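Novice: I'd like to ask some things about the structure below.
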Amino acid sequence: MLKPTLAALLALVLVTPARAEQSPDGRALLQKVVETYHAMSSYLFAGTIRVQAGGLGVNFDVPWSAAGDRTGRARVDVQNPQMGVLIVCDGKQLYTYRPSLNQYTRAPAPAAGGAATMPLPPAGSPLGRYFDLLKGVNGVEVTGVQAVAAGGKTTDCWVVRADVTPPEAKAADSTAQAFATFWVDRASSLVRRDSTALTMRNAQSGAPMTMQQVTTFDVQRVDESLPDSLFAFVAPAGAQEVQAFSLPGQQQTPSELVGQKAPLFTLADLQGRKVSLAGLRGKVVVLDFWATWCAPCRIEMPRVETLHKEMKSKGVVVLGVNVAEEPALVRRYLTKTPYSFTILLDRQGDAANRYQATGIPTLVVIGKDGRIHSYFQGVRDEDVLRKAVTTALAARGPAGAGRPAVGRTGSPKAAATAPKGTAPTKSPSAAPKPKP
């Protein structure tokens, strides 16, 4: 017969539930996801992106697939009648094909041969966010464990919820909220599903709007041999190779500045130091005219940042020219959204006027000879911008000689004619207000 004390302890053990497993730290878990994707030697994923916009009647599915390996080969196929894109990189050339336009561009592939980690996927890949999951995260928590079906099997996943509300959205609407949820496989640290929801007020009616994007996976293969055919681009019948995509019936009008001497200016940076364009003769210079209130600029500037990091060792100088805003406002914006290239203050908009930047973003590539080599207005694909800079680096003769100019759409005569995908520049006397 058990002694009373021993019997009591045994009974306590039998009825006490097992201690629940402690959830991992959310940020550490997302960092582990980042490390997992960078450590892959190859990948082949496929699935569906579901987009829903409450109150707008928008609800559609977008099939997609993505593949890549450490040699720099990559493929992204997003299937949608209006927004579809096929990106293929064979390690030497990068092709981007827009089925809705039946046009494609060609650019040198980013250097990646012999990379110790997986190169970043091409811009536009649904996998891109997993390589830098902590970027833009304000707060994160692990809410529990849930079984998720993906890639033909069901796995237990940590459910990670992150506050990813952009500061620009908060500045425009104090009620704005954006949350991303990631279902992270507990065994492999792969993301098996993700969902991002943005809620904010309609600027016109004041009514709340919700947009949600859910990414699911039907195929998830990692570290397997991939066929060469995945990374071979064959232009579809009738497809036209172009320098930049244009809408049907819309002619690309070269800026009259292309091939001309770049107008000189001297502007101060945020520390008050003077930067003279004349002092940069002999280098390829990229001017990016922008403003904090410009929504298209927030799409363009991260692409410019990527080019800056890639090209600065080759002597390319990137200057972000802020148009007609107060230095304090620019500093506050860059504190929350920092960039490593030099920011200049065009306080009166004089430089923007000289470069006919009637709509922003406007990006100008100046060759080593001091002449304007390429001119873009509106948001452009990263590979188009990269090709323009790479071509300018290789150029020996006068810019524009014997070479088609990359033009902008819309007329340079008035801000009212700024092309779609740009924001008309404001008068220096107007007080700029942040917009989403």
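Novice: All but one of (1) modelled with pLDDT under 80; (2) touching an Asp or Glu at 6+ places or on another chain (Cβ under 8 Å); (3) among the β-branched types (V, I, T) hold for I49; state the number of the condition that does not hold.
Specialist: Against the list (1) modelled with pLDDT under 80; (2) touching an Asp or Glu at 6+ places or on another chain (Cβ under 8 Å); (3) among the β-branched types (V, I, T), I49 comes up short only on (1).
Novice: Which of (1) out of contact with any helix residue (DSSP H, G or I) (no Cβ under 9 Å at 6 or more places or on another chain); (2) under 30 Å from R186 (Cβ atoms) is the odd one out, the single condition M118 does not satisfy?
Specialist: It fails just one condition, (1).
Novice: Which ones in the range 113-153 are of a type in the set (A, V, I, L, M, F, W, C), part of a loop (DSSP other than H, G, I, E, B) and open to solvent by 70 Å² or more (accessible area, probe 1.4 Å)?
Specialist: Quick first cut of the range 113-153, residues of a type in the set (A, V, I, L, M, F, W, C) only: 115-116, 118, 120, 123, 127, 131, 133-134, 137, 140, 142, 145, 147-150.
Filter again for part of a loop (DSSP other than H, G, I, E, B), leaving 115-116, 118, 120, 123, 127, 133-134, 137.
Those that are of a type in the set (A, V, I, L, M, F, W, C), part of a loop (DSSP other than H, G, I, E, B) and open to solvent by 70 Å² or more (accessible area, probe 1.4 Å): A116, L120.
Novice: If we scan the range 253-266, do we find a residue that is among the hydrophobic types (A, V, I, L, M, F, W, C), at pLDDT 75 or above, under 28 Å from the mean Cα position of the chain (by Cα) and within 22 Å of V285 (Cα to Cα)?
Specialist: Taking the range 253-266 as the starting set, the residues that turn out to be among the hydrophobic types (A, V, I, L, M, F, W, C) are 257-258, 262, 264-265.
Remaining after also requiring at pLDDT 75 or above: 257-258, 262, 264-265.
Right, trim to under 28 Å from the mean Cα position of the chain (by Cα) and you get 258.
Now narrow it down to the ones that are within 22 Å of V285 (Cα to Cα): 258.
Within the range 253-266, one or more residues are among the hydrophobic types (A, V, I, L, M, F, W, C), at pLDDT 75 or above, under 28 Å from the mean Cα position of the chain (by Cα) and within 22 Å of V285 (Cα to Cα).
Novice: Return the pairs, sorted by first residue and then second, in which the second residue is of a type outside the set (A, V, I, L, M) and open to solvent by 50 Å² or more (accessible area, probe 1.4 Å), the first residue lies in the range 26-40 and is over 23 Å from G72 (Cα atoms) and in contact (Cβ under 8 Å) with a residue 40 or more places away in the chain, the beta carbons are less than 6 Å apart, and the residues are 6+ apart or on different chains.
Specialist: These pairs meet every condition: G26/E141.
Novice: A further question on this structure: Could you tell me how many of the residues in the range 358-394 are in contact with a helix residue (DSSP H, G or I) (Cβ under 7 Å, 6 or more places away or on another chain), part of a strand (DSSP E or B) and among the charged types (D, E, K, R)?
Specialist: Result for the range 358-394: 0.
Novice: Can you spot a residue in the range 21-37 that is modelled with pLDDT under 90 and either among the hydrophobic types (A, V, I, L, M, F, W, C) or under 21 Å from the mean Cα position of the chain (by Cα) (or both)?
Specialist: Within the range 21-37, not a single residue is modelled with pLDDT under 90 and either among the hydrophobic types (A, V, I, L, M, F, W, C) or under 21 Å from the mean Cα position of the chain (by Cα) (or both).
Novice: Checking T358 against (1) modelled with pLDDT under 90; (2) hydroxyl-bearing (S, T, Y); (3) open to solvent by 20 Å² or more (accessible area, probe 1.4 Å); (4) closer than 30 Å to P110 by Cα, only one condition comes out false. Which one?
Specialist: The one condition T358 does not meet is (4).
Novice: Separate question: Does the range 348-365 include one or more residues that are free of Cβ contacts under 8 Å to residues at least 60 places away in the same chain and in contact with a strand residue (DSSP E or B) (Cβ under 8 Å, 6 or more places away or on another chain)? Explain how you work it out, then say what you get.
Specialist: Step one: filter the range 348-365 for residues free of Cβ contacts under 8 Å to residues at least 60 places away in the same chain, giving 353.
With in contact with a strand residue (DSSP E or B) (Cβ under 8 Å, 6 or more places away or on another chain) added as a condition, the list becomes none.
No; the residues of the range 348-365 include none that is free of Cβ contacts under 8 Å to residues at least 60 places away in the same chain and in contact with a strand residue (DSSP E or B) (Cβ under 8 Å, 6 or more places away or on another chain).
Novice: When you scan the range 316-339, how many residues do you find that are under 22 Å from K368 (Cα atoms) and in a loop (DSSP other than H, G, I, E, B)?
Specialist: To start, the set of residues in the range 316-339 that are under 22 Å from K368 (Cα atoms) comprises 316-321.
Now restrict to residues that are in a loop (DSSP other than H, G, I, E, B): 316.
Going through the range 316-339 one residue at a time, the tally reaches 1.
Novice: Return the total of residues in the range 80-112 being under 27 Å from R193 (Cβ atoms) and surrounded by fewer than 16 Cβ atoms within 10 Å (Cβ to Cβ).
Specialist: Residues meeting the conditions: 3.
The values are calculated or read from the model by the stated rules, or taken from the named source; none is laboratory data. Predicted model only: the values in this text are computed from it and were never measured. Backbone-built Cβ (ideal geometry, glycine too); neighbour counts: all protein chains shown. Calculation scope for accessible area: heavy atoms of the full protein, side chains included, ligands and nucleic acids excluded. Shrake-Rupley method; radii C 1.70, N 1.55, O 1.52, S 1.80 Å.
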